[in-house]
Number of protein chains: 2
Amino acid sequence: MATTRPYNFSAGPAAMPEAVLQRAAEEMLDWHGSGMGVMEMSHRGKEFGVIAAQAEADFRTLLAVPANFHILFIQGGGLGENAIVPLNLSRGTTADFVVTGSWSVKSHKEAQRYCTANIVASNTANGHTRLPEPSTWRMSSDTSYVHLCTNETINGVEFQELPDLAALGCEAPLVIDFSSHVASRSVDWSRVGLAFGGAQKNLGPAGLTIVVVRDDLLDRALKICPSAFNYKTVADNQSMYNTPPTWGIYVAGLTFQWLMHQTEGDLSGVAAMEQRNAAKARLLYDFIDNSAFYDNKVDGSCRSRMNIPFFLRDESRNEVFLTGAREAGLLQLKGHKSVGGMRASIYNAMPLAGVQALVGYMREFERKHA
Amino acid sequence: MATTRPYNFSAGPAAMPEAVLQRAAEEMLDWHGSGMGVMEMSHRGKEFGVIAAQAEADFRTLLAVPANFHILFIQGGGLGENAIVPLNLSRGTTADFVVTGSWSVKSHKEAQRYCTANIVASNTANGHTRLPEPSTWRMSSDTSYVHLCTNETINGVEFQELPDLAALGCEAPLVIDFSSHVASRSVDWSRVGLAFGGAQKNLGPAGLTIVVVRDDLLDRALKICPSAFNYKTVADNQSMYNTPPTWGIYVAGLTFQWLMHQTEGDLSGVAAMEQRNAAKARLLYDFIDNSAFYDNKVDGSCRSRMNIPFFLRDESRNEVFLTGAREAGLLQLKGHKSVGGMRASIYNAMPLAGVQALVGYMREFERKHA
């Protein structure tokens, strides 16, 4: 099976580890002798309690989440969080946004429903191909938080290091949307107040959102914040106040177990994935950079390891390229409509062999058509 | 496999048809030769487009949803909808609530964040065991909608007929929370403005919410309504504005197909389920009513066909009853903590044989302990 499955480069929902899918299929009718499938379990029963607690503990271990952060499993998605974060953190005052691509544009726009949302830095002028240097950001003196999308899925730009807001003279908490690179690399939690991510890129199925929130930020929600999305209510009830997306938590938990068993040399878990992801991205970027046939427009300092948009210099060949790719077992390579061209999303579940197969196809296509 | 699986009486997430689980397991790694599992598909791709369109069409057929109603697949759950409905419909003015049990109490409380939420009828005084007669409801002259929970999962009361608000002199739309009996019986859409339900009782896994909303109610959301939950935005984008819970839509779609193939005599689909559900409920209620050992406190006029709370008259035997039930392959019969005793949830996926097995166990337990 493993050798015949196509490589799926979807930006999300995205490819999942085959071992995770196989386990989920095997346990579908009976989880661990309980007589129930996971979808059939009460979220308040002891069986699902075990599944949820293990998933939370494993996520905490994988990403070294400190004890003063809560891990919440909720519904709503990244787009939902664009409202839920200001409902919980803005106090109706001011929030600062660093605009680096399509997702942070959306986050800024949505926050305007709940507070004064300022743009303190933007790379719109260069078409979201470089990241604004943190030393140039001019945070508002009264901002309730600073929002950053640390990997822009559509534009393919990624922060290689989190900004140190305190060193920049800003005491407000940093909020990161890490939807599309969560668990692909480590997180410096000393610089973060809150992190959120939809699961459907690197962790599991669509419909599960993970929020990691520091203790002191729990209790400042606006009165108009829905109970189901009030971080304190969710935390006080171990994510069981509203029925959580139980299947998503289960599949994410299987993915966490898979991640913990990944190794590269002496490394394991997220450290191993980080090394593997860097190698995968390097292989594809190096090939593109050494070709006169393909092009990537993102500055070398901030290229995403997860989402790699690229172009055929002669775009009249796009359809032929995509058709041939599908025939070669390389799926979902079409770029986002707002950027065009191609995009290869190479999340944790994409093996090096998948990127090698893509580069092989691209080389052969170039040879035939150059 | 079918004969050895226990019967699962969970109130939700709840038992699912075995055929649905088997299909989901079989297609886990490769949906219809696409080379992708359903969880791995872009929600905007053609494969998932087929799945979502079929699910919507089948739900429309099953419940005879008229063309002037939109069917939305979103996140948030029933508890999320307690906020999302007033955010979309209340215009910040007044909304009327009929309180009939735990769920409508919660809905009324949450709506107070967004509007003046009036209680126009309540059965709190009789412990949620009878339903207030619609002719006694005194709707507010300026109400934006009237909210009703048509089946109270915890208390086991169900409206056997929807109220005709217009005949009562109220022009406002009726909003029904049909989470725990959707697709168990037909719906008279001529009396409904909006219906919502979490999927995790009768339709699929937790994390999918289905909203059925009449055309003219789409465009009155408050500015503070999150985009992800704005019905008009969701409808305009065929439920793809925010990434929808794709797995939940797929599994619900399999369930819809299963429902369409159910028959009872000349009946099929929801009509067949309605007859089967009535027979299942009658069997259990009749047994309880004819026993001096067990008791159900709900008035005969409004007993739920889906959720049947019952008590041992000698409650000191509760633990022995539950332990024996588990050993007999009858799972999750413990009542909700706010009501106590036992509860048998017998949704569409529970066959008559499961209720027969429960009654058989109860009869034998009574014989031993009476």
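The values are calculated or read from the model by the stated rules, or taken from the named source; none is laboratory data. What you see is a predicted model; the values in this text were computed from it and never measured. For neighbour counting, all protein chains shown are included, and Cβ atoms are generated from backbone atoms with ideal geometry for every residue, glycine included. Remember, those area values only see protein heavy atoms, side chains included, never the ligands or the DNA or RNA. Shrake-Rupley method; radii C 1.70, N 1.55, O 1.52, S 1.80 Å.
Here the dipole of chain A is about 700 debye; that uses its Cα centre as origin and unit charges on the Cβ of Lys and Arg (positive) and Asp and Glu (negative).
Kirkwood hydrodynamic radius computed over segment A:192-297 comes to 16.9 Å, based on all pairs of distinct alpha carbons. Per residue, the accessible area of segment B:264-369 comes to 44 Å², computed with a 1.4 Å probe over protein heavy atoms only. When the convex hull of its Cα atoms is viewed from all sides, the protein assembly as shown shows a mean projected area of 32.5 nm². Over segment A:125-206, accessible surface divided per residue gives 32 Å², non-protein components excluded, 1.4 Å probe.
With point charges of +1 on the Cβ of Lys and Arg and -1 on the Cβ of Asp and Glu, referenced to the Cα centre of segment B:125-261, which listed residue (B:246, B:192, B:261) lies farthest in the positive direction of the dipole? It is B:246, whose Cα lies furthest towards the positive end.
Compute the whole-percent fraction of alpha carbon pairs in segment B:264-369 spaced more than 16 Å apart. Looking at segment B:264-369, the distances longer than 16 Å represent 57 percent of pairs.
Residue pairs exceeding 30 angstrom between C-alpha atoms, taken from B:280/B:368; A:232/B:297; B:109/B:232; B:106/B:334: A:232/B:297. Of the trypsin sites (Lys or Arg not before Pro) found in segment A:274-370, those in coil by DSSP whose Cβ has at most 12 other Cβ atoms within 10 Å are A:313, A:337.
Let a ≥ b ≥ c be the square roots of the eigenvalues of the Cα gyration tensor of segment A:95-197; is it rounded (a/c under 1.5), or, if not, prolate (a/b larger than b/c) or oblate? Cα axes put segment A:95-197 in the rounded bin.
Helices assigned as whole DSSP H runs in chain A whose Cα atoms extend at least 18 Å along their own long axis and whose mean Kyte-Doolittle hydropathy is 0.0 or higher are found at A:46-62, A:246-260. Charge dipole of segment B:1-85 (Cα centre as origin; +1 on each Lys and Arg Cβ, -1 on each Asp and Glu Cβ, all else neutral): 140 debye, rounded to the nearest 20. Summed over both chains, the contact between A and B buries some 4600 Å² of accessible surface at a probe radius of 1.4 Å. Which of the three applies to segment B:51-107, rounded, prolate or oblate, going by the alpha-carbon gyration tensor with a ≥ b ≥ c and a/c under 1.5 meaning rounded? Cα axes put segment B:51-107 in the prolate bin. Here is how far apart the residue A:169 label points are across copies: 6.8 nm, shortest first, using a point 7 Å from Cα toward Cβ.
In the assembly of identical copies, residue A:313 has its label point, taken 7 Å from Cα in the direction of the beta carbon, separated from the corresponding points by 9.1 nm (ascending, one decimal).
Entry note, segment A:21-259: relative contact order of 26 percent, from Cα contacts under 8 Å with a spacing of 6+ residues. Around the Cα centre of segment B:264-369, unit charges on the Cβ atoms of Lys, Arg, Asp and Glu (plus for the first two, minus for the last two) sum to a dipole of about 240 debye. Accessible-area loss of 10 Å² or more (1.4 Å probe, protein heavy atoms, chain alone versus all protein chains) is found in segment B:235-262 for B:241, B:242, B:243, B:245, B:246, B:247. Centre-to-centre, using Cα atoms only, segment A:102-173 and segment A:264-299 are separated by 25 Å. Based on the reciprocal of the average 1/r between different C-alpha atoms, the Kirkwood radius for segment B:19-150 equals 18.0 Å. Which distance in Å, rounded to a whole number, links the C-alpha centroids of segment A:304-323 and segment A:9-38? The two parts, judged by their Cα centres, are 32 Å apart.
Working note: Cα atoms of segment A:129-255, range along each principal axis, descending, whole Å: 43, 34, 23.
Sorted from shortest to longest, the distances between the residue B:60 label points of this copy and the other copies are 4.8 nm, with each point 7 Å from Cα along the line through the beta carbon. Beta bridges per DSSP, both residues in segment A:21-259: antiparallel share near 45 percent.
Shape of segment B:93-135 from the C-alpha gyration tensor: oblate (a/c of 1.5 or more and a/b not above b/c, with a ≥ b ≥ c the square roots of its eigenvalues). Projecting the Cα atoms of B:111, B:37, A:71 onto the charge dipole of the protein assembly as shown, computed from C-beta unit charges around the Cα centre, puts B:111 farthest toward the positive end. Taking the 1.4 Å solvent-accessible surface of chain A as the whole, the part contributed by carbon and sulfur is 49%. Per residue, the convex hull around the alpha carbon atoms of chain B comes to 140 Å³.
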